[in-house]
Amino acid sequence: MTLANVTRIALIGNPNAGKSSLFNTLTGLNQKTGNFPGVTMDKLTGVWELEPGRNVEVLDLPGIYSIYPKSIDEELVINILANPKHPDYPDMAIVVADASNLKRNLLLFSQVRDLGIPTVLALNMIDVAENQGYVINSLKLARELNVEVAEINAKKGIGVGGLKLAAIKTLKHRYASNDALPLPVSEQLIEDVQKQFGEADPYRSLLWLMEHDRMKMFSEEQRESFDHLMEKHHFESKKYKSAETVRRYEQISEVVERCVINLNRQWDAEPVKTWTDRLDKVFIHSFWGYLIFLSILFVMFQAVFTWATYPMDLIDGGVAQLNDWLKEILPESALTGLLTDGLIAGVGGVLIFVPQIAFLFLFISLLEETGYMSRVMFIMDKMMRRFGLNGKSVVPLISGIACAVPAIMSTRSIGSWKDRLITILVTPLMSCSARLPIYTVLIALVVPEKNTLFGVFNLQGVALFGLYLLGFFMALFSAWVLKKILRAKERSYFIMELPTYKGPRFKHVAISIYNSVRAFVFEAGKIIVAISIVLWVFASYGPGDSMAKIEEQVRVNNPSLTGVDLTNKIASEKLENSYAGHFGKLIEPAIKPLGYDWKIGIALITSFAAREVFVGTMSTIYSLGGEVDDENATIKNRMRAEINPDTGKPMYDAALGFSLLIFYAFAMQCMSTLATTYRETKSWKYPLIQFGYMTTLAYVAAFLVYQILS
Amino acid sequence: MLTLADLRIGEHGEITGFTDEILSLKLLEMGCLPGTEVILTHHAPFGDPIALKVSGYTLTMRREEAATIQIKRK
């Protein structure tokens, strides 16, 4: 659908006005929406059947309050709408307006219309407006604004027919905008802009002038010429924008006065107390607010760590059984080894995450859908500010429990560059779901299962919760340090709409869970499976013919060994002499102070690109280098059986276990996150800083833990 | 000069002007216009940020930002 002659319609509107809901209704496309500002971070496209046999492309853009961007996510809109040469430049715009907040929504509408794009006004949430006592005469509004107006209910999908008619009519007649500027400026200035940068509507020329720094269509030189022009004509864009906004509101107020009947005024009654007001009395209360937030977090952790273990055990056991069964029925060969120990062990390592990711996204999307997430930002802002963060940093930090990649992308709505940068840099310290299996396996090895704290809490659960808290507090501490180091480019601010509470749309929740699980299984899964196979090859083959000789050597050196013991001995000797074994040995001196041997060294190397590979690597290593007993085939049991050759005691004691746990809690082992940081900061400097400080932190902390505990 | 930061919960005010030029554009776009009536509805814990009803919806801002909005009592 990227053909140049396809008609393209852009959906534009305030955050929460219902754009994404309308987009889903029109295109039937399953796209994630949420009830907090900034859910649509990127543009999305879908196909809408406007008339039988006529499909148009619909473009959903991030929500904005005005054409003048205040944060990165808002920049996209002006870059498309003010640049007719942009590949996504629309033939028509539908401005989706929340009728219960008409004046503010019409501000954006009037700016879009003045850009010279044929525009339809879609009035959404008329029922909400009527409940508040406002009756809108949309026919009159259409006449006053000189555009087609369609009444819709985006959530229920009502009014699409009328919207189609309005769109068809507007596309056919291409209603022109009014050519006049909202506020006059010197004609010479507009002429100069048009002379240097090409013919354009006056308002678009003015936008280029005022927003040239944010527009990607201009080169560095062109930006300088814009600066010169502004100087030459003594043009102050901030003053103009403020004055323009006031002027537009004056015009809008006159229109609204004529088109909207306010029943409240006639009865002179106090505005009705809404459900949102009542709920907010509790949810942002200085005591109950925090208590509820903490309880929600607690239930969320319970779900992820307790409820999810049942399906996880099933997957774990199932994969182990499948492997044993395949080994039994398939002839023993290198190919069987690759399939069972390489591929299936790797796939199993991916699938086992699925229940936890599903639970996490169930909670996160429910919080977003209902509008509660904005309340969390509200009650957390003061605390976060102390650490150089922002109330809006809470969402990335919470999402970071699932995955740092979408979490870092969600920082785009943070207006201040410094707040945003700090949030990006510290978010990967939040323990993401990829760390969870590592935690689970290691905690099971070193923390006794039966002991309970005060007879209520499971000690393993407490340890797990402790690791999450540790990650969170380390993120806060690092943010505080960064706050002292980094210099602010501009002032931080927190001006945000609190949306009304809404019941969650369960279809959207389901889609959100499905999308994140699918993205994880296919995106992360690809890497994990690829590394598992490469690792299997490196662990099965060695330099020269050393591997072939080992079997003979073991037989000669250990004549008393027979049967299973003999095959075990051969397998572990082979692993030690494989390429992977050599790599592990190579870095052993560096990791010895942390308590790690060359086997863990292999796991560290392979998990540098993606930490979730750790468990897969461990299962590959231990299934290659040890006994595969039918009943003890899970990775946990294999690691528990591992003996430290130096001491003769179990390898995974408390010192090593906690040292590894701490290392994985702090280390930056995720290529995808580093790539995202690069993309979001547009500089290699910040991913390097992120990698450097987190790895140092991990090494030093793991060193201290091992030395103290051993 | 009375500002929005001086209001207590439940009190009404009418916006008369702004003292910070950079913030004023954002505030204007969010519907805080001179002549508009505002009601302070909530404090976040520890008194900051604050939530207010303006133009029919709830807007939140920090106390220092509210202090740039001049008001008169209604």
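The values are calculated or read from the model by the stated rules, or taken from the named source; none is laboratory data. If you're wondering where the values come from, they're calculated on a predicted model, not measured in any experiment. Note: ideal-geometry Cβ built from the backbone for every residue, glycine included; neighbour counts use all protein chains shown.
Return a yes/no flag: does the stretch A:395-403 have any residue that is surrounded by fewer than 24 Cβ atoms within 10 Å (Cβ to Cβ), within 14 Å of A:M496 (Cβ to Cβ) and among the aliphatic types (A, V, I, L, M). No, every residue in the stretch A:395-403 fails to be surrounded by fewer than 24 Cβ atoms within 10 Å (Cβ to Cβ), within 14 Å of A:M496 (Cβ to Cβ) and among the aliphatic types (A, V, I, L, M). Looking only at residues of the stretch B:38-74 that are outside any loop (DSSP other than H, G, I, E, B) and of a type in the set (D, E), we find that the one that is surrounded by the most Cβ atoms within 10 Å (Cβ to Cβ) is B:E65. Taking the conditions (1) more than 18 Å from the chain's Cα centre (by Cα); (2) in a loop (DSSP other than H, G, I, E, B) in turn, A:V350 satisfies each one other than (2). Can you name every residue in the stretch A:34-56 that is modelled with pLDDT of 60 or more, surrounded by 15 or more Cβ atoms within 10 Å (Cβ to Cβ) and in a loop (DSSP other than H, G, I, E, B)? Scanning the stretch A:34-56 gives a single hit, A:K43. Hey, can you tell me all the residues within the stretch A:429-474 that are in a loop (DSSP other than H, G, I, E, B), at pLDDT 80 or above and among the β-branched types (V, I, T)? Residue satisfying the conditions is A:V447 alone.
The single condition among (1) charged (D, E, K, R); (2) touching a residue at least 12 places away in the same chain (Cβ under 8 Å); (3) touching a Ser or Thr at 6+ places or on another chain (Cβ under 9 Å); (4) assigned to a helix (DSSP H, G or I) that A:K155 does not satisfy is (4). Answer yes if at least one residue in the stretch A:648-666 is in a loop (DSSP other than H, G, I, E, B), more than 15 Å from A:T427 (Cβ to Cβ), of a type in the set (S, T, Y) and touching a helix residue (DSSP H, G or I) at 6+ places or on another chain (Cβ under 6 Å), and no otherwise. Checked the stretch A:648-666: at least one residue is in a loop (DSSP other than H, G, I, E, B), more than 15 Å from A:T427 (Cβ to Cβ), of a type in the set (S, T, Y) and touching a helix residue (DSSP H, G or I) at 6+ places or on another chain (Cβ under 6 Å).
To keep it simple, each residue is scored yes or no on (1) farther than 20 Å from B:D20 by Cβ; (2) at the interface with chain B (Cβ under 10 Å from one of its Cβ atoms); (3) modelled with pLDDT of 80 or more.
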{"position": "A:E236", "(1), (2), (3)": "no, yes, yes"}
{"position": "A:K239", "(1), (2), (3)": "no, yes, yes"}
{"position": "A:S242", "(1), (2), (3)": "no, yes, yes"}
{"position": "A:V246", "(1), (2), (3)": "no, yes, yes"}
{"position": "A:V255", "(1), (2), (3)": "yes, no, yes"}
{"position": "A:R258", "(1), (2), (3)": "yes, no, yes"}
{"position": "A:P271", "(1), (2), (3)": "yes, yes, no"}
{"position": "A:D277", "(1), (2), (3)": "yes, yes, yes"}
{"position": "A:K281", "(1), (2), (3)": "yes, yes, yes"}
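Looking only at the stretch A:289-334, residues that are hydroxyl-bearing (S, T, Y) and at pLDDT below 85 come to 3 in all.
Summed over the stretch A:480-519, residues that are in contact (Cβ under 8 Å) with a residue 40 or more places away in the chain, closer than 30 Å to A:F359 by Cα and either surrounded by 15 or more Cβ atoms within 10 Å (Cβ to Cβ) or within 14 Å of chain B (Cβ to nearest Cβ) (or both) total 17.
Of all residues in the stretch A:94-142, those satisfying the criterion of being charged (D, E, K, R) and under 15 Å from A:I252 (Cβ atoms) are A:D98, A:K103, A:R104, A:R113, A:D114, A:K140.
Would you pick out the residues in the stretch A:394-411 that are more than 14 Å from chain B (Cβ to nearest Cβ) and under 21 Å from B:L59 (Cβ atoms)? Answer for the stretch A:394-411, where residues must be more than 14 Å from chain B (Cβ to nearest Cβ) and under 21 Å from B:L59 (Cβ atoms): just A:V395. Restricted to the stretch B:44-73, and to residues there that are over 18 Å from A:S100 (Cβ atoms) and either among the basic types (K, R) or out of contact with any helix residue (DSSP H, G or I) (no Cβ under 9 Å at 6 or more places or on another chain) (or both), the residue that is nearest to the other protein chains (Cβ to nearest Cβ) is B:R62. Of all residues in the stretch A:372-399, those being in a helix (DSSP H, G or I) and of a type in the set (F, W, Y) number 2.
Residues of the stretch A:81-96 that are within 27 Å of the chain's Cα centre (by Cα) and within 21 Å of A:A166 (Cβ to Cβ): A:L81, A:Y89, A:V95, A:V96.
Condition check for B:G13 on (1) in a strand (DSSP E or B); (2) among the small types (G, A, S); (3) surrounded by fewer than 20 Cβ atoms within 10 Å (Cβ to Cβ): one failure, at (3). Any residue that is more than 22 Å from B:L25 (Cα to Cα), outside any helix (DSSP H, G or I), free of Cβ contacts under 8 Å to residues at least 60 places away in the same chain and away from chain B (no Cβ under 14 Å) - is there at least one of those in the stretch A:85-95? No, the stretch A:85-95 contains no residue that is more than 22 Å from B:L25 (Cα to Cα), outside any helix (DSSP H, G or I), free of Cβ contacts under 8 Å to residues at least 60 places away in the same chain and away from chain B (no Cβ under 14 Å).
Candidates A:L102, A:L107: the one that is farther than 28 Å from A:T411 by Cα, modelled with pLDDT of 85 or more and part of a helix (DSSP H, G or I) is A:L102. Does A:A150 satisfy being in a strand (DSSP E or B) and within 22 Å of A:I80 (Cβ to Cβ)? No.
Out of the stretch B:16-37, which residues are more than 7 Å from chain A (Cβ to nearest Cβ), farther than 9 Å from B:T68 by Cα and part of a loop (DSSP other than H, G, I, E, B)? Hits for the stretch B:16-37 are B:C32, B:P34, B:G35, B:T36. Do we have any residue at all in the stretch A:215-226 that's modelled with pLDDT under 90, closer than 27 Å to A:R104 by Cβ and surrounded by 16 or more Cβ atoms within 10 Å (Cβ to Cβ)? The answer is yes, given that some residue of the stretch A:215-226 is modelled with pLDDT under 90, closer than 27 Å to A:R104 by Cβ and surrounded by 16 or more Cβ atoms within 10 Å (Cβ to Cβ).
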